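What follows draws every value from the coordinates through simple rules; no lab data is involved. Everything numeric in this text was worked out from a predicted model, so none of it was measured. All Cβ positions, glycine included, derive from the backbone under ideal geometry; neighbour counts span all protein chains shown.
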Amino acid sequence: MSFYITCAIDYPNRQPHIGTAYEKIAADTIARYKRLAGEDVFFLMGLDEHSQNVYKRAQEEGLEPIAFTDRMEGVFRAAWAAVNVEFDDFIRTTEDRHRIAVEAMVQRAEAAGDFYEGVYKGFYCVSCEAYYSDRDLVDGKCPVHETEPEFREETNVFFRLSAYQARLEAHYEEHPEFVQPDYRRNELLSLLDEGLEDISVSRASDGWGIPMPGHEGQAVYVWFDALTNYLAATGFPEETDTYKKFWPADMHLVGKDITRFHAIIWPAMLMSAGVPLPKVVYGHGWVLTGGGRMSKSVGNVMDPVATAERFGADALRYFLLRETPFGRDLEFDHERFVARYNADLANDLGNLLQRTVGMAMKYQNGALGGPAEGDVTRLAAASREVEAEYREAMEGYELQGGLKAIWKLVAAGNLAVDTHAPWVLAKDPAKAAELDAVLSQLAALLRQVAVLVHPFMPERSATMAQALGQDADPAAWRLDDLHDPSLAPRQVHKSEPLFPRLDVEEVIEGRDATC
């Protein structure tokens, strides 16, 4: 099976922040899970470079826009590497392959009779790169950035979005899974109920952007341009092997503020061009700080690179995906971060690995006999139950639920240590077989935890595998091998603490370093 997942391509006008990283980390986690489940995954990321935000920023720095975006590409790639995000392709909207795809989409919509010229009058938020009607504004301000939009009037090319009202409604009816979560779908259905208006798909050209084919002096509007990246990466308009294998996309993962572009405008564009629609558009919540959205325009951002360097990328990934049900808004708070880190990572998981490996080294020089007859600790039965719960959660994109399932195993392991007390068994030579069975089953459980937690914590799961004498290359790991007795650890190795405890006062005092 194949699985094509995308996330929103970013405006590279400023450095990415944790709110941006949240989406990328979630997409990476889903991609890693799908690989673990044996699927052939294509994970796309990239940059949306033709925005006015980027053009303005380049001017402020005295650079040509392309020189500025060339530099910012390195900044974004470094940020994603710092938080352990691994993509299969990274597309830029200034690439030729993207321009060719955009031109094809324009030509197909034109041929379908879905374009016409007209005069647009309305409010435009530069940060959103979007027009808003009076009813969309909140106290006269952009509902996302809380800034006053500009009033613009210009001659543009319009797309007959209204002509696709009935087809979109039918698609929503026939494919209830198309927009997720359910509450996001309800929001989009409300927008459809209000009726769709035709939209501008061009702007007056300033030399930055893709020229609108057949319309001199006009450039393709940034959203019509940007959305096409998901197709461009497959080789569209050519029916390449990649296109045939991966299109339609299985999942577009985007922020809730741009779900309407992806779940109304984008499918209408594809219908016009005669291209199959993506299977799922998932609108996730925002990362909040101090009760407000983390945003570059607001200035309340946190640097994911600095945060990852200070606490570890996997600890950041864990907190973002564990703290709140996926899809809802998440409040990033240092006190809560430290509490979650110390309780779940340092105490529960890290301590279980240290205790198990430490006792195996102390009592048996790290050698284990492997699974014994009889589930002495009942951990094998627990892992089979949890695996089913984990798979169900992950297939439903309930990332918090996936982590909760894993931590049931972690809790079962810690309980087994306390219940069977290997330090007591070690005092009685007659109980050597029982001691080995307990330690072997604990090590087997930890191998399973390492596999299950890999999508969330790719770096520390590999560290766990090494401590357990396992193949540390996750490319070799598969969920279907989770209970294979031949893979149970036979020789463990001493390792450094997986997650050293944090001092909350030190973290609070130094939190400015991550902003």
Report summary line: One checks the Cα atoms of segment 2-67 and finds Rg and Dmax, in Å, of 15.4, 48
Query raised in the report: In debye to the nearest 20, how big a dipole does the chain give about its Cα centre with +1 on each Lys and Arg Cβ and -1 on each Asp and Glu Cβ?
Result: 1440 debye
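Can you compute the equivalent ellipsoid semi-axes for segment 2-307, i.e. the square root of 5 times each eigenvalue of the Cα gyration tensor, sorted largest first and rounded to whole Å? Kindly include the intermediate steps, with their values, before the conclusion.
On the way: eigenvalues 134, 117, 90 Å².
After diagonalising the Cα gyration tensor, the semi-axes are 26, 24, 21 Å.
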Report summary line: Placing +1 on each Lys and Arg Cβ and -1 on each Asp and Glu Cβ in the chain, then taking the dipole about the Cα centre, the residue among Val102, Leu435, Gly283 whose Cα reaches farthest towards the positive end is Leu435
Requested in this report: Could you pull out every residue, at least 5 positions away or on a different chain, whose amide H is within less than 5 Å of the one on Arg328? Hs are placed 1.01 Å off N in the peptide plane, and Pro or chain starts have none.
Outcome: Gly285
Report task. With viscosity set to 0.692 mPa s and temperature to 37 °C, compute the Stokes-Einstein D of the chain, Rh being the Kirkwood radius across alpha carbon pairs; µm²/s, no decimals. Result -> 132 µm²/s
Requested in this report: Quickly work out the Leu191-to-Arg501 label distance, labels modelled 7 Å from Cα along the C-beta direction, and quote it in nm with one decimal.
Outcome: 4.8 nm
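Could you pull out the GluC sites (Glu not before Pro) across segment 371-454 that fall in loop regions by DSSP (anything but H, G, I, E, B) with no more than 13 other Cβ atoms inside 10 Å?
Here the sparse-neighbourhood loop sites are Glu373.
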Query - Sorted largest first, extent of segment 334-487 alpha carbons per principal axis (Å) - result: 48, 37, 26
**Report entry** DSSP-defined beta bridges in the chain - what % are antiparallel, rounded to 5
**Finding:** 50 percent
Report task. For segment 171-216, run through the GluC sites (Glu not before Pro) and keep only the ones in DSSP coil with at most 13 other Cβ atoms within 10 Å of their Cβ. Result -> Glu177, Glu197, Glu216
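Roughly how big is segment 319-443's charge dipole about its Cα centre, with Cβ charges of +1 (Lys, Arg) and -1 (Asp, Glu), in debye to the nearest 20?
Numbers: 13 positive and 19 negative charges, 83 e Å.
The calculated dipole for segment 319-443 is roughly 400 debye.
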Query - Helical mean residue ellipticity (222 nm; -39500 (n - 2.57) per DSSP H run of 4+; nearest 500) of the chain - result: -13500 deg cm²/dmol
Report task. Among the trypsin sites (Lys or Arg not before Pro) in segment 402-488, which ones are in a DSSP loop with at most 12 other Cβ atoms within 10 Å of the Cβ? Mind listing them? Result -> Lys427
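Using the crude model of +1 on Lys and Arg Cβ and -1 on Asp and Glu Cβ, and no other charge, please compute the dipole size for segment 168-232 relative to its Cα centre, in debye to 20. If you can, show how the numbers build up before the last one.
On the way: 3 positive and 13 negative charges, 72 e Å.
Once rounded to the nearest 20, the dipole reads 340 debye.
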Query - Relative contact order (percent, whole number), the chain, Cα cutoff 8 Å, 6+ residue spacing - result: 16 percent
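Determine, from the Cβ-Cβ distance of His493 and Asn347 and an R0 of 25 Å, the FRET efficiency 1/(1 + (r/R0)^6), rounded to the nearest 0.05.
Details: r = 22 Å, r/R0 = 0.89.
Efficiency, rounded to the nearest 0.05: 0.65.
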